[in-house]
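Trainee: Please read through the structure below; I'll follow up with questions.
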Amino acid sequence: MKEIIHKDFEIFLGDDGLAHLAEILIEEGYSKIFILMDTNTKRHCWPILSPYLVDFLPIVIPDGESSKSLVQAEKIWETLQKNFADRRSVLLNLGGGVISDLGGFCAATYKRGIDFINIPTSLLGMVDAAIGGKLGIDFLGYKNSIGLFKHPKQIIVYPNFIKTLSQEEIRNGLAEVAKHGLIDDKSLFEKLSNLDNQALDKAGNLIFQSIKIKAQIVKKDPFEKDLRKVLNFGHTIGHAIETWSLLNDTVPLKHGEAIAIGMICEAYMSKELLGLSNPELAQITQYFTKRYPFYNKTWDEIQLIEFMRNDKKNVDGLINFTLLKRIGKAKINMQCHEELILKALSYYRQLKP
Ligand SMILES: NC(=O)c1ccc[n+]([C@@H]2O[C@H](COP(=O)([O-])OP(=O)(O)OC[C@H]3O[C@@H](n4cnc5c(N)ncnc54)[C@H](O)[C@@H]3O)[C@@H](O)[C@H]2O)c1
Ligand SMILES: [Zn+2]
């Protein structure tokens, strides 16, 4: 089924997604087709996509966050340039969030912008990263610090790609699905809570519901001026913990694991500031503690607050939060005192794993 979310881009979700992609490529009459993928998506997803394409140039990069770098961007621009990509060329991003952030960034800047099409292959990519037009790379240790906004020409969601994802990656993506439920749709959060395990074959509709929520929010606020901040629930504290873990742990927390902790802490703050009820706080806490590993490292709270202060979404040095009034209803632009943030971190620490 095809969903037109914004005049500039369409999301196509379904088992016939790849056939639809083939049609678009013919319709558009692109001069050259480049496909960016990482080593894993080359192995698992490329064999499924390639029968639908006729003439193309693959670009393969190592998998992982470290590829979201200027070094890889340069290699991609070099390949485009050496193969005479012109403004009627297109880049297909076949992969998770690393590929869509990096590939989108390279396409949006090459010759002042060529078309790119996102074909997300990770759950996180499908429900989050591929949608919304935030593109970029990490720089000098700071995540996403160089980048721009530009929407892909199309987003093709072919859910079967998820079959080869590890359980860990599925859990990573499900954290964002849960967030979408918490901020916008109680029924989504409840359906997710009722899944006996994280079996994704039962969660197909939840993916669709989740994509719709993200897409509708982006449509209302494409450049993150205001409303889109609603998507930051759990991310102010979550990002700080993620950064701390990246700097201190040999096996750092995944984004989904970090924001799961962030959502528990920010739900606690929501209770204190917005009157989120005790039963709903307990429900949220239980949801995440049951499914995500308990993180019992002794983090440095002062440093965490420092990371929160440095978040690029803050204005005037105040730490900005999106909190919940209740499950399914969020409130943006909540500035909070340090004291409450520390209390929220202690709330998490005293939980029993
Ligand atoms: N632009 C945005 O709005 C936005 C939103 C959220 C996250 N992000 C970014 O997205 C990135 C995280 O995304 P991610 O979790 O998809 O990371 P990722 O792209 O690194 O993918 C995770 C892992 O799964 C592998 N993989 C992907 N699809 C697979 C498949 N079908 N089968 C087997 N393995 C597969 C990848 O090779 C990788 O090892 C981060 O860089 C984050 O900053 C961007
Ligand atoms: Zn996130």
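The values are calculated or read from the model by the stated rules, or taken from the named source; none is laboratory data. What you see is a predicted model; the values in this text were computed from it and never measured. Reconstructed Cβ throughout: ideal geometry from the backbone, glycine too, with neighbour counts over all protein chains shown. Heads up: the accessible areas ignore ligands, DNA and RNA and are worked out on the full protein's heavy atoms, side chains in. Shrake-Rupley method; radii C 1.70, N 1.55, O 1.52, S 1.80 Å.
Trainee: Kindly indicate whether any position in the stretch 121-135 is assigned to a loop (DSSP other than H, G, I, E, B) and over 17 Å from the mean Cα position of the chain (by Cα). Steps first, answer last, please.
Mentor: Our first condition is that a residue be assigned to a loop (DSSP other than H, G, I, E, B); within the stretch 121-135, this holds for 121-122, 130-133.
Those still in the list that are over 17 Å from the mean Cα position of the chain (by Cα) too: none.
Within the stretch 121-135, not a single residue is assigned to a loop (DSSP other than H, G, I, E, B) and over 17 Å from the mean Cα position of the chain (by Cα).
Trainee: Sort out for me the strands (runs of 3 or more DSSP E) sitting completely within the stretch 3-81 that have 2 or more residues that are open to solvent by 30 Å² or more (accessible area, probe 1.4 Å).
Mentor: Numbers: elements: 9-13, 33-38, 57-61.
The qualifying strands (runs of 3 or more DSSP E) are 57-61.
Trainee: Continuing with this model, one more query. Going residue by residue through the stretch 230-245, is there one that turns out to be surrounded by fewer than 22 Cβ atoms within 10 Å (Cβ to Cβ) and either assigned by TED's automatic domain parsing to the domain that holds Ser66 or free of Cβ contacts under 8 Å to residues at least 24 places away in the same chain (or both)?
Mentor: No, there is no match, as no residue in the stretch 230-245 is surrounded by fewer than 22 Cβ atoms within 10 Å (Cβ to Cβ) and either assigned by TED's automatic domain parsing to the domain that holds Ser66 or free of Cβ contacts under 8 Å to residues at least 24 places away in the same chain (or both).
Trainee: Can you work out which of the residues in the stretch 149-196 that are charged (D, E, K, R) and open to solvent by less than 10 Å² (accessible area, probe 1.4 Å) is farthest from ligand 1 (Cβ to nearest atom)? Steps first, please.
Mentor: Kept after step one, since they are charged (D, E, K, R), are these residues of the stretch 149-196: 150, 153, 163, 168-169, 171, 176, 179, 184-186, 190-191, 196.
Then drop every residue that is not open to solvent by less than 10 Å² (accessible area, probe 1.4 Å), which leaves 176, 179.
Working: Glu176: 7, Lys179: 11 Å.
Result: Lys179.
Trainee: Return yes or no: is Asp101 near ligand 1 (Cβ under 10 Å from one of its atoms), within 16 Å of Lys254 (Cβ to Cβ), in the same structural domain as Gln72 (by TED's automatic domain parsing) and not in a helix (DSSP H, G or I)? Can you show your working first?
Mentor: Numbers: near ligand 1 (Cβ under 10 Å from one of its atoms): yes; within 16 Å of Lys254 (Cβ to Cβ): yes; in the same structural domain as Gln72 (by TED's automatic domain parsing): yes; not in a helix (DSSP H, G or I): no.
Spelling it out, it is not the case that Asp101 is near ligand 1 (Cβ under 10 Å from one of its atoms), within 16 Å of Lys254 (Cβ to Cβ), in the same structural domain as Gln72 (by TED's automatic domain parsing) and not in a helix (DSSP H, G or I).
Trainee: Run Lys143 past the list (1) surrounded by fewer than 22 Cβ atoms within 10 Å (Cβ to Cβ); (2) more than 20 Å from His239 (Cβ to Cβ); (3) near ligand 1 (Cβ under 7 Å from one of its atoms) and report the number of the one that doesn't hold.
Mentor: Checking Lys143 against (1) surrounded by fewer than 22 Cβ atoms within 10 Å (Cβ to Cβ); (2) more than 20 Å from His239 (Cβ to Cβ); (3) near ligand 1 (Cβ under 7 Å from one of its atoms), the one that fails is (2).
Trainee: Filter the stretch 106-133 for residues that are charged (D, E, K, R) and either surrounded by fewer than 23 Cβ atoms within 10 Å (Cβ to Cβ) or touching a Cys at 6+ places or on another chain (Cβ under 9 Å) (or both) and give the result. Write out each step before concluding.
Mentor: In the first step, residues of the stretch 106-133 are kept if they are charged (D, E, K, R); the result is 111-112, 115, 128.
Result: Lys111, Arg112, Asp115.
Trainee: Separate question: Just to be sure I understand the filter: pairs with C-beta atoms under 8 Å, separated by 6 or more residues or on different chains, first member in the stretch 252-281 and open to solvent by less than 50 Å² (accessible area, probe 1.4 Å), second member modelled with pLDDT under 95 and of a type in the set (Lys, Arg). Which pairs pass?
Mentor: Close Cβ pairs satisfying both conditions: Gly256/Arg171; Glu257/Arg171; Ala260/Arg291.
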